[in-house]
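Just below is one structure, and these are the notes that go with it.
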Amino acid sequence: MAQREHWGSRIGLILAMAGNAVGLGNFLRFPTQAAQNGGGVFMIPYMISLLLIAIPLMWVEWGIGRYGGVRGHGTTPAIFGLLWRNPLARYIGVLGLFVPFVVACYYVYIESWTLGYALFALFGKLPQVAAESAGSSEAYLKPFKDFLLQYTGMGTQPFYHPSLAAYFFFLVTMFLNYLILVRGISGGIEKFAKLAMPILFGLAIILMMRVITLETPYGSAVQGLNFLWEPKWHELGNPKVWLAAAGQVFFTLSLGFGAIITYASYLKRNDDLTLSALTASSLNEFAEVVLGGSIAIPAAAAFFGVAAAQIIAASGAFNLAFVSLPAIFANLPAGHLLGFFWFILLFFAGITSSVAITQPVIAFLEDEFGLSRKKAVTLTMLILFALAHLPILLPKALDEMDFWAGTFLVVVFALCEVVIFFWAFDPSAAWREINRGGFIKLPRIFFFIMRYVTPFFLALIMGWWFFQELPGYLRETSPTIWITRGALVAIFLALCGLVYLSGKKEKAHER
């Protein structure tokens, strides 16, 4: 068996893991969810869910990854087969390839918008609006909505027609992802994380400091912060808020995507796991709660008032990122630079995540089929490039892919992870694996949380989506939806076929 790569340094590992978690969702999905669920009331179950679901599951994924990595495997089909000696285990593990790969197919395209918009903002090519129209959000934002529709080609027509600029920046973004991935774990991903993450945090702090000082006749940034942080204890009885908070804290750490397991597989047997995972999680939470929570909603509150800011933030992540924020920056001193900072911040957040969610398929081809790094990356990126044209060209394809791979199945897969590690596998051995080599020893209460509390909450979230959200998606019957679903089924079956072949190859090798 070929020698597997390892991380070059602990700080590189932490920054790469944080880069995997810090993505577009920190600066876009978080304010959207907070606005839709009452601001301050949302933050209380958010913090509780962080302790009961997210951080315990983070340790579980790091433990699973390191356990498999020291045995020569970096992806869940093989690792689940080691943890649970059942033929079904490897095929449950297919989700650890399917989920991140499908998400990457549309994530890279959205990521490319941020690169294009960054350059448009820098050179003054975004729309200009009169400052007098601030306070009337509809009139103020319309030029930016029209610009986004023209850029992406998204409309009511049977097929989208993206602009040449949008497609060019998509190609550039694909190439940049390829360059990082082809250089390997320590030479590509780790080096890039060491460069990108300090830049990302620096840009976010600059934007936060500028935004929180905003004040107009229509409102102030402080009012937006008050909305986000003022507790509303009487609203805590709403189960929808608890489920939304649990879902957000789950997604913000990229749990259930398979990428953390693959990254952790490049740890050495006795490398610290407990403190490193906690540090990476803390960096992500700082990016989301402190920085992400201090830019979008406060800026919108200053220009349109708190009530309108809630509506704008709740209208969707795309509207927040590509319509509202650039419209606000357009009428600030040095607004073109602030717009550039905003979009290049999103780009760095996006690309550190996209390389992470592409890595599991690459690692699978390397570990199970013995492909060289260059061949595995090239093959993966060519297939990803082809499949990315589904969200580029087909209406509703992006939403369909995001629901199945980026929403529903991540919870299903995370539940499978914790059940296999703490139930099908020896729970005492799982606990020892997590604590082995740790700079801190976890309190025993977390054993109870990982074995009982975390799977209970995951099952609750999964059941809620199954009964509340799934029927609505199944009712969608347009031709493009069926094309997308057919493609998703084909991807899943193809990955199952590869897992079957890898199993036969492994058995032949054993003989």
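The values are calculated or read from the model by the stated rules, or taken from the named source; none is laboratory data. What you are looking at is a predicted structure, and each value in this text was computed from that prediction instead of being measured. All Cβ positions, glycine included, derive from the backbone under ideal geometry; neighbour counts span all protein chains shown. Please note that ligands, DNA and RNA were not included when accessible areas were found on the heavy atoms of the full protein model with its side chains. Shrake-Rupley method; radii C 1.70, N 1.55, O 1.52, S 1.80 Å.
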Percent of Cα pairs exceeding the 43 Å cut-off, where the set is the chain: 13 percent
Heads up, segment 167-232 by the C-alpha gyration tensor (a ≥ b ≥ c square roots of eigenvalues; a/c under 1.5 rounded, else a/b over b/c prolate, else oblate) looks prolate
Let me know the Kirkwood hydrodynamic radius for segment 299-446, please, with Cα pairs as the basis and the value in Å to one decimal. 20.1 Å
Computed ³J(HN,Hα) along segment 227-235: with the Karplus parameters 6.51/-1.76/1.60, θ = phi - 60°, integer Hz and x for glycine or proline, the list is 4, 6, 10, 6, x, 10, 4, 5, 9
Around residue 391 (Cβ within 14 Å, Cβ-to-Cβ, excluding residue 391; K/R +1, D/E -1) the net charge comes to -2
Suppose only helical runs count, i.e. DSSP H with n ≥ 4. What mean residue ellipticity at 222 nm does that imply for the chain under -39500 (n - 2.57) per run, divided by all residues and rounded to the nearest 500 deg cm²/dmol? -21500 deg cm²/dmol
Using only the alpha carbons, work out the radius of gyration and Dmax of segment 306-377 in angstrom. 19.2, 57
Using 0.36 nm times the number of residues separating residue 10 and residue 374, minus their current alpha carbon distance, what extension gain do you get? 128.5 nm
Separation between Cα centres of segment 1-55 and segment 200-271, rounded to whole Å: 8 Å
What is the chain's relative contact order, in percent, from Cα pairs under 8 angstrom and six or more apart in sequence? 33 percent
So which aspartates and glutamates pass the test for residue 505, namely a Cα distance under 16 Å, with those fewer than 8 places away in the same chain ruled out? 366, 367, 368
What are the ³J(HN,Hα) values, in whole Hz, obtained from phi via the Karplus relation 6.51 cos²θ - 1.76 cosθ + 1.60 with θ = phi - 60°, for each residue of segment 464-469 in sequence order, with x given for Gly and Pro? 4, 5, 4, 8, 9, 9
Proximal lysines relative to residue 232, as straight alpha-carbon distance under 20 Å, when same-chain residues fewer than 8 apart are discounted: 240
Segment 24-112, Rg to Rh (Cα coordinates; Rh as Kirkwood inverse mean 1/r): 1.09
accessible surface per residue for the chain, probe 1.4 Å, DNA/RNA/ligands not counted, whole Å² -> 38 Å²
What is the magnitude of the charge dipole of the chain about its Cα centre, with +1 placed on the Cβ of each Lys and Arg, -1 on the Cβ of each Asp and Glu, and no other charges, expressed in debye to the nearest 20? 1340 debye
Per-residue HN-Hα couplings for segment 44-52, Karplus 6.51 cos²θ - 1.76 cosθ + 1.60 at θ = phi - 60°, whole Hz, x for Gly and Pro? 5, x, 4, 5, 5, 5, 4, 6, 8
Compute the signed sum of charges (Lys and Arg +1, Asp and Glu -1) over the other residues within less than 15 Å, Cβ to Cβ, of residue 3. +2
Full-stretch length increase - residue 476, residue 500 - with 0.36 nm per residue and alpha-carbon distance subtracted: 5.4 nm
P(r) histogram, all alpha-carbon pairs of segment 10-51 included - 10 Å bins from 0, percent: 25, 40, 27, 8
So, R0 is 25 Å and r is the distance between the beta-carbons of residue 275 and residue 229; what FRET efficiency does that work out to, to 0.05? 0.30
Could you quote the convex hull projected area for segment 1-73, Cα atoms only and averaged over all directions, in nm²? 6.4 nm²
With a sphere of radius 15 Å drawn around the Cβ of residue 202, what net charge do the other residues whose Cβ falls strictly inside it have (Lys, Arg +1; Asp, Glu -1)? +2
Using the alpha-carbon centroid of each, what span in Å lies between segment 342-395 and segment 287-305? 31 Å
